[in-house]
Each structure stands twice: as structure tokens, then as C-alpha cells.
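Note sheet for the following structure.
The values are calculated or read from the model by the stated rules, or taken from the named source; none is laboratory data. This is a predicted model, so every value here is computed, not measured. With ideal geometry, Cβ positions are generated from the backbone for all residues, glycine too; neighbour counts draw on all protein chains shown. SASA here: full protein model, heavy atoms, side chains in, ligands and nucleic acids out. Shrake-Rupley method; radii C 1.70, N 1.55, O 1.52, S 1.80 Å.
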Amino acid sequence: MSTPTPPGSSPPWDLVAFDFDGTLVDSFALFLEVHNELAARHGFARIEPEQVEELRQLDARGLIRHLKVPAWRLPLIVHQARRIMARRRASVAAFPGVPEALRELHASGVRLALLTSNSRDTCEQVLGPRDWALFEQAVCGVSLFGKAAKLSRLARRAGLAPQRVLYVGDQLGDGEAAHAAGMAFGAVGWGYMPLAALEACGPRVRLRAPADIARLAGNAEARA
């Protein structure tokens, strides 16, 4: 449950940075489609419908191991996945309620940023001009395990101590990157991993519905 910021006090964070896929936009169906196409091309395991719920419990490293994706070929596979997803981005849209919540949060005076492994063109096209303009920084094309360093740089560019930045995401890797950068982590309950699985990285904030994004302006910690 959210707690309003008392009159005269400051929001708990000066800047909220967001992951893109699974956090702001619903791209899971496209992810599965592209994964299975590349599995056929490169010879690693497909994801079958009956496996989805089990595999959603795994972080990126665990998923790579489970599906026997060759580590040496991973950069090429990620590059090809981004290109295919970019061509099919018309099938991806923001989760219902996310655009309105982002606009409300921005209007409250909290600065917004985006940090994602997806491409800049895809993010800009899917969000549209109005919502893309809400983000003062957009760090795109980040390597699969390179988010921590990019988050640290993002905070420096914003002129903020890491403790004044919240990173919101839907995977354990997002939480690990936030903590490595000295930031708090906000876990969403509608993304690639279930909220219960994200407890392993100790989220400071738990967002159960997109409308909760707007309440970050005055909510230092959201609990059950």
C-alpha cells in the first residue's frame, strides 16, 4: 500500500530508471517466438509452452544453461534477436496503464530514465514521441550482463548519488545490477519473472500493478 509523501518533504528518489522489456512493454510472446526461431538456427533448445512457467523462475544465466545456449555464440545470438525484434516491434505495446503512470510520475517532479538491452530505435518507436520525451536519459543496447556499470554511469550523468536512484525491472539480473551500482531495486509483478522469484534479490519496492509506478513519487517502500 502506498504512503503519500508528507507536505514539505522530498520524494524518496530523485530519479527512477526503468528496464524496458517486461517492465514497460509486454514483449514476452515476441521473445518466445524469436527464441525458438534462433534455437532452430543455432541448435539450442526451444522453449515449449508447457515449460514457460518453470523457466520464468530462472535468471538469465540459469536460462542460458538450461537451454544449452553456447556461451561463445551468445553475442551473435543477442545481436540477431535484437534485429528480429526490431523488425517485429509493431506487435509489442506498453502494458495497459504504464503510459499514464509514467506521465503522472514525471508530472510529480521525479526524473525518469531508461536503461535496457533493447535497441534505441525499438524503444523510441514502441513508446511513441510523447512518452519517449519523458526520459531524460535513454541508455539502450546494454550487454546482457553489463547493466551495473551503465547504471553507475547513468547516476553520474544525472549528477546524483546512487542512493537517490531507483532501478525498476522484472528480472533478478536487474536487481543484482541495481545493488552492484549502489541503488535500490523496484520489482514489478507483471514481467518475465514472477514477483515471488524476485524476492531473492531483496527489492526495496514491490510494484503489483502498473498504476503503482505513479505512486513512486511518495512511496519509499511498498509491501503486501
Here region 24-38 yields Karplus 3J(HN,Hα) values (6.51, -1.76, 1.60; θ = phi - 60°; whole Hz; Gly and Pro given as x) of 9, 10, 8, 10, 5, 4, 5, 4, 4, 4, 5, 4, 5, 5, 6
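Leaving ligands, DNA and RNA out of it, report the carbon-plus-sulfur percent of the accessible area of the chain at a 1.4 Å probe.
On the way: 5740 of 10600 Å².
Carbon-and-sulfur percentage of accessible area, whole number: 54.
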Applied in sequence order to region 86-92, the curve 6.51 cos²θ - 1.76 cosθ + 1.60 (Karplus, θ = phi - 60°) yields integer Hz couplings, x standing for Gly and Pro, of 5, 5, 10, 5, 5, 8, 10
Residues meeting the amide H criterion for Ala138 (H placed from the backbone, H to H distance under 5 Å, 5 or more places apart or on another chain) are Leu114
With Rg from the Cα atoms and Rh as the Kirkwood inverse mean 1/r over Cα pairs, region 1-125 has an Rg/Rh of 1.06
Comparing Ala148, Ala39, Ala113 in a Gaussian network model of the chain (Cα, 10 Å), the one with the largest mean-square fluctuation is Ala39
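Express the Stokes-Einstein translational diffusion coefficient of region 84-125 in µm² s⁻¹, to the nearest whole number, given a Kirkwood radius over alpha-carbon pairs, 20 °C and a viscosity of 1.002 mPa s. Don't skip to the end; give the middle numbers.
Values: Rh = 12.0 Å.
My calculation gives 179 µm²/s for D.
Of the DSSP beta bridges with both residues in the chain, give the percent that are antiparallel, rounding to the nearest 5. Display every interim value, and only then the final one.
Working: 2 of 22 bridges.
Here the antiparallel bridges make up roughly 10 percent for the chain.
Calculate for the chain the 222 nm mean residue ellipticity that helices alone would give, adding -39,500 (n - 2.57) per DSSP H run of length 4 or more and normalising by residue count, nearest 500 deg cm²/dmol. Kindly include the intermediate steps, with their values, before the conclusion.
Working: 9 runs with 88 residues, N = 224.
The helix-only estimate for the chain comes to -11500 deg cm²/dmol at 222 nm.
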GNM on the chain, Cα springs under 10 Å; top mean-square fluctuation among Pro75, Pro210, Pro162 goes to Pro75
Among Val139, Leu24, His35, the residue whose Cα sits farthest towards the positive end of the charge dipole of region 1-145, when +1 is placed on the Cβ of each Lys and Arg and -1 on the Cβ of each Asp and Glu, is His35
Taking a probe of 1.4 Å and leaving out DNA, RNA and ligands, the chain shows per residue an accessible area in Å² of 47 Å²
Long-range alpha-carbon pairs in the chain, meaning those over 27 Å apart, account in percent for 29 percent
Distance in nm between Glu199 and Arg87 label points, each 7 Å along Cα→Cβ, equals 4.3 nm
